[in-house]
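Enquirer: Here's a structure for you.
What follows is calculated from the coordinates using simple rules that are stated; it is not laboratory data. Just so it is clear, the model here is predicted, and its values are computed rather than measured. Every residue, glycine as well, gets a Cβ built from its backbone with ideal geometry; the counts of neighbours run over all protein chains shown.
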Amino acid sequence: MASFAEIIHKPETVRPPNLEDHRLACAAFSWAHARHALDESLEGKAGFNMATLAVDRHAHGPRAAKLALRWLGKSGARRDLVYAELAHLSSRFARVLEDLGVNAGEHVFLLCGRLPELYVSLLGALKRECVVTPLFSAFGPEPIATRLSLGHGRVLVTTTSLYRRKVQAMRARLSELQHVLLITDDDGPLPPDTLDLRSLLDAAFTPYSVPPTDAQAPALLHFTSGTTGQPKGVMHVHEAIVAHVATARMALDLQDDDVYWCTADPGWVTGTSYGILAPLALGVTMIVDEADFDAERWYTILEEQRVSVWYTAPTAVRMMMRSGTSAARAHHCPCLRFIASVGEPLNPQAVRWGLEAFGLPIHDNWWQTETGGIMIANFRSMDIKPGSMGKPLPGITAAIVERLADGSAREIQQSDTEGELALRRGWPSMFRAYMGEDERYRKCFAGDWYLTGDRARRDADGYYWFVGRIDDMIKSSGHLIGPFEVESALMEHPAVLEAGVIGKPDPLVGELVKAFVVLRPGTKASEDVRRDLLGFARKRLGAAVAPKELELVDMLPRTRSGKILRRLLRARELGLPEGDISTLEAA
Ligand code: ATP
Ligand code: MG
């Protein structure tokens, strides 16, 4: 393991962080400044287009020939796109849409793996002022059809094989879907009623100029992970890019010469806000890996591609932990200077593992599909308190509130008191609607507060600590217990890889705490281990909070975006209907 002296003297870490002092940055910040910092020409303008800001404005300047995107194919192929090329190709896609008669405000869905065409189409559709939804390609036919219907999909970009397997049989049901553009990946003839995307792009050579776009026009429709129930369609507008960029600068510390790798699929909001728009708008070089997770492959990418900033998720970190620190140390990643994680609570154990494996701590940050961008983060310049999500970003006012019976929210000023995490409305990437669910949208707000549905507390130093989703909280003998605290305590045990904790109805205590535990490879499941874990948890947490039941399992159900599906653990435990499992990762 690198010593602390080595870490401190890594040349890359000597560069000053973009956010040097959190308090001063908060005092100086305004969203008007953030706009100006993104592009001086935006000052006072009501209109701008996300994709123009992401690629076109680099296409004729000093970044024209800079590598924008390095694509690593599943089977070893590689494709490099410089900024001018990406701008050009995406304009061709916008031209294709125009030639097909697809107009501003119409919905374009993208269903494919992380192929270069995905990035080109997303940017091109934005230039055409369409609303874009990238869908995770592993979805089955039903979730695809439901989302296409809910989002009024008029255009679908997909691959021939995905189309044949997942869409063709549903096509008649999708009355609004007019154009299917295929990235051909087999030698057969095109299926009926489809078009060949590559030929269309080749033919679309007349230049396209992006019309003046209203910054408040809908741009992206993302579906939530479905962790608490049916996924919601969350609408964002072009202006969101101001927040994507400002937050990527401050929370991910992205700088001009970074090689940046966001491992999230664009089918989830992280893979679009921070896997496409923010890094491109900041003019950095991004890595796109087509393949699924594989620890050895990931270490090799970090090393060979000289990744300097890496944005990933706790589930991936835990999978890498599974192969131990020796696998990490077998690779040399001197360029890696900043690691961040989002999506689920990052257990203190994982923060420390980062130090052991890479000589770098992992910086947790918190946000949601609805917030469109990072809201709370551990910044590079700040001391990390392992297990905390960090502090609100400059420009973001967070609070711990209590919902009152009349629908309003009361701010809890006292530190270390649990309540619902709320954000003061008004940041540019705040969602503007839940598609087809106006009432649900309205209910997310109490006066000026957006209520997040997550419980948290703030300590005396202003750090926020995630407690749990309101839906996952456990009421036991008058205590309100957050699963994260119990899961993290279990993970401190050397035999535990991960844990999922639920409340189980109990006549005596209301709900009793039950833990499902996955052991680390090499530890054999036995009654002794189980008892040892129960005793260990009781010592750490006290009898009131520690699990009363503990089951050793091979894996935990999780969403395809990597979140533990506690509601499914609970439903299965209690023999209840499983509910919406469209985002469940296949076993
Ligand atoms: P649904 O809303 O459909 O139930 P979801 O909330 O999981 O799904 P996302 O928007 O993808 O959908 O996830 C946001 C949620 O993920 C947050 O509200 C929070 O519960 C959790 N989350 C994200 N980042 C963190 C983090 N750093 N620490 C703790 N929880 C996090
Ligand atoms: Mg949610």
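Enquirer: Relative contact order, percent, of the chain when contacts are C-alpha pairs under 8 Å separated by at least 6 residues?
Expert: 12 percent
Enquirer: Moving to a separate point now. Restricting attention to segment 426-505, which trypsin sites (Lys or Arg not before Pro) occupy a DSSP loop and are surrounded by at most 13 other Cβ atoms within 10 Å?
Expert: Listed in order of number, the matching sites are K443.
Enquirer: Could you work out, for segment 13-143, what percent of all Cα-Cα pairs fall into each 5 Å distance bin, beginning at 0 Å and stopping at the bin that holds the largest distance?
Expert: 2, 9, 14, 15, 16, 16, 12, 9, 5, 2, 0
Enquirer: Pull out the extension gain between D21 and S477, defined as 0.36 nm times the separation in residues minus the alpha carbon to alpha carbon distance; nm, one decimal.
Expert: Additional length available on full extension: 159.8 nm.
Enquirer: Over 21 Å, how big is the tail of the calculated P(r) for segment 295-445, in percent of all Cα pairs?
Expert: 54 percent
Enquirer: Please report Rg over Rh for the chain, where both radii come from the alpha carbon positions and Rh follows the Kirkwood definition.
Expert: 0.95
Enquirer: In deg cm²/dmol, rounded to 500, what helix-only [θ] at 222 nm does the chain give when every DSSP H run of at least 4 residues adds -39500 (n - 2.57) and the total is split over its residues?
Expert: -8000 deg cm²/dmol
Enquirer: If you average over every viewing direction, what projected area does the convex hull of the Cα atoms of segment 148-286 give, in nm²?
Expert: 11.4 nm²
Enquirer: Going toward the positive end of the dipole of the chain, with +1 on Lys and Arg Cβ and -1 on Asp and Glu Cβ, which of A525, L135, G535 do you reach last?
Expert: Result: G535, furthest along the dipole toward the positive end.
Enquirer: Taking only the alpha carbons of segment 84-238, what extent do you get along each of the three principal axes, in Å, biggest first?
Expert: Sorted largest first, the three principal extents are 42, 42, 27 Å.
Enquirer: Of the listed pairs K443/K548; K66/K391; K127/K232; K524/K548; K166/K514; K443/K563, which have alpha-carbon separations greater than 31 Å here?
Expert: Values: K443/K548 36 Å; K66/K391 34 Å; K127/K232 25 Å; K524/K548 21 Å; K166/K514 38 Å; K443/K563 24 Å.
Too far apart for the 31 Å limit: K443/K548; K66/K391; K166/K514.
Enquirer: In percent, how large is the relative contact order of segment 255-334, given Cα pairs closer than 8 Å and 6 or more residues apart?
Expert: 36 percent
Enquirer: Which chymotrypsin sites (Phe, Trp or Tyr not before Pro) in segment 152-213 sit in a loop by DSSP (not H, G, I, E or B) and have at most 14 other Cβ atoms within 10 Å of their own Cβ?
Expert: Those satisfying the criteria are F205.
Enquirer: Could you work out how much longer the chain between D193 and D294 gets when fully extended? Use 0.36 nm per residue separation minus the Cα distance between them, nm to one decimal.
Expert: Once the chain is fully extended between D193 and D294, it gains 32.7 nm.
Enquirer: Restricted to Cα positions, what overall size does segment 262-339 have along the principal axes? Three whole-Å values, descending.
Expert: 36, 24, 19
Enquirer: Continuing with the same structure: Let me check I've understood the local charge: for W71, count other residues with C-beta under 11 angstrom from its C-beta, Lys and Arg +1, Asp and Glu -1. What total comes out?
Expert: Around W71, the charge tally is +1.
Enquirer: Suppose the chain between M555 and A77 were pulled fully straight at 0.36 nm per residue; how much longer would it get relative to their current alpha carbon spacing?
Expert: Once the chain is fully extended between M555 and A77, it gains 168.8 nm.
Enquirer: Can you give me the three principal axis dimensions of segment 473-574 from its C-alpha atoms, in Å, biggest first?
Expert: Principal axes ranked by extent give 38, 33, 20 Å for the Cα atoms.
Enquirer: Continuing with the same structure: Could you give the nm distance between label points at D186 and E142, where each point is 7 Å from its Cα heading toward the beta carbon?
Expert: 2.4 nm
Enquirer: Might you report the magnitude of the Cβ-based charge dipole of the chain about its Cα centre, with Lys and Arg at +1 and Asp and Glu at -1, to the nearest 20 debye?
Expert: On the way: 67 positive and 73 negative charges, 99 e Å.
About 480 debye.
Enquirer: Here is a follow-up. Looking at segment 478-587, which trypsin sites (Lys or Arg not before Pro) are in a loop (DSSP not H, G, I, E or B) and have at most 13 other Cβ atoms within 10 Å?
Expert: On the way: sites: K514, K524, R530, R531, R538, K539, R540, K548, R558, R560, K563, R566, R567, R570, R572; in loops: K524, K548, R560, K563.
The qualifying sites are K524.
Enquirer: Work out Dmax and Rg for segment 114-190 from the C-alpha atoms and quote the Rg first, both in angstrom.
Expert: 12.1, 33
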